[in-house]
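Undergrad: The structure under discussion is supplied below as structure tokens; questions concerning it will follow.
The values are calculated or read from the model by the stated rules, or taken from the named source; none is laboratory data. As the structure is a prediction and not an experimental result, all values here were calculated from the model. No Cβ is skipped: glycine too gets one built from the backbone with ideal geometry, and neighbour counts run over all protein chains shown.
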Amino acid sequence: MLEQMRDQELAEPTEEQFQRSREQLAGHFAAWPEPVREPLVERHLATWRVASRENQNLYDEVAEEFRRAPSTPGVPLIVLSAMGHDATQAHLWPEEVLHEINEGKRALHAELAAETPLGEHRVLDDAGHGWLHEERPDAVLQAFNDLLGRVR
């Protein structure tokens, strides 16, 4: 899977793909106030290509930076794992690949949380990877509040 992602040739998105994505994003941001809705959609579309290119070095350069990083300090840490359906990822990979990605993500996040005695891993089965902050703002705010409570 990693070789496939690394060697994947990035094609320019077609106008049809942009339009479908624009419609999906507009639906996602439908509850946002009108003055910010369209700029949010356009910003996401503008960064689509950049984000795809960033994935090209994720599993070699970025992973190597993490391997060389110093140990996780003994500070309070809450790792949120969004394990629910993610419409964006569902368009990119088949179900079995998504399952493999989620299981790897779950294990990686659990290891990260376990690196500090003050770490905690929270799994959210009802939020997708790309929209955790939108789909479960309550869980994100609760994690912040819990961290603030721990450092006081």
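Undergrad: When you check Val151 against the structure, is it of a type in the set (Val, Ile, Thr), without any contact (Cβ under 8 Å) to a residue 60 or more places away in the chain and surrounded by fewer than 12 Cβ atoms within 10 Å (Cβ to Cβ), yes or no?
TA: No.
Undergrad: Report yes if Trp48 is outside any helix (DSSP H, G or I), of a type outside the set (A, V, I, L, M) and at pLDDT 70 or above, otherwise no.
TA: Taking the combined requirement at face value, the residue does not satisfy it.
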